[in-house]
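Here is the structure we will look at, set down as structure tokens.
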Amino acid sequence: MSVTQQPAPAPGPDGDAAEQLRDRISADSLTTRRDYLRIVATVSGGLAIGGVGVAAGILDRHGDSEKLPKSKKVADQLAPGESMAFRFPGDEDRALAVRLWDGSLVGYSAICTHLACAVLWREDRGPEGELYCPCHEGVFDARTGEVAAGPPPRPLPKVFLTEETDGSIWAVATARSGEPTQEALCRQFGESRPELARTLGCPGTDGDTESART
């Protein structure tokens, strides 16, 4: 079952930002706090486009900003196998949040990296479902966003999601196609959330040395 209605905008999560992000950033279960001080529990994902002439403009807009976007509520809840279409980081940037069957949260751009067609969630394909572009039979791995079949040249960039204690899902940041998690977070949190950047061990922060030893 896929849920496509976008919820009305709501104010961002309250409380200490660093604590919330350390405890609740959700997504790809392959990325854990060990990868960057073990403070990101799991990660999910973002945006991408293919077609040379068209892609350049959209790629620059979606996920390429150096500034942290305003967090946005995606859904009140997502059950395993459900998806939610939403717009992030801008009103024209299509994205998709999915709850995998094992409970993991993942988020990606809903724009195919081949020729910018819409990417859809198919929960009945394989043990984990798949992300599918019907225009040219492109398939992306639901857990990682990597290309699984068809002509897409690049993986789907990720949208970082957090899950609050009330079950609500929020989009908080983006990553470029293929960009490492820590690099994406440091790029966006560096100036606006310096305390989190230090905890992540971002270059140029007090936590950089500690990160290198971990």
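Leaving ligands, DNA and RNA out of it, report the carbon-plus-sulfur percent of the accessible area of the range 87-214 at a 1.4 Å probe.
Numbers: 2570 of 5410 Å².
Here carbon and sulfur together make up 47 percent of the probe-accessible area.
So what J values fall out for the range 194-199 if you push phi through Karplus, 6.51 cos²θ - 1.76 cosθ + 1.60 with θ = phi - 60°, rounded to Hz, Gly and Pro as x?
x, 5, 6, 4, 5, 5
Mind checking the dipole of the range 129-213: about its Cα centre, +1 per Lys or Arg Cβ, -1 per Asp or Glu Cβ, Debye to the nearest 20? Present the calculation step by step, with values, prior to reporting the outcome.
Values: 8 positive and 14 negative charges, 49 e Å.
Magnitude of the dipole: close to 240 debye.
I'd like the distance separating the alpha-carbon centroids of the range 115-186 and the range 70-112, in whole Å.
Comparing the Cα centres of the range 115-186 and the range 70-112, I get a distance of 9 Å.
The values are calculated or read from the model by the stated rules, or taken from the named source; none is laboratory data. Source: prediction; values computed, not measured. Note: ideal-geometry Cβ built from the backbone for every residue, glycine included; neighbour counts use all protein chains shown. The protein model used for the area step is the full one, side chains on, heavy atoms only, and it has no ligands, DNA or RNA in it. Shrake-Rupley method; radii C 1.70, N 1.55, O 1.52, S 1.80 Å.
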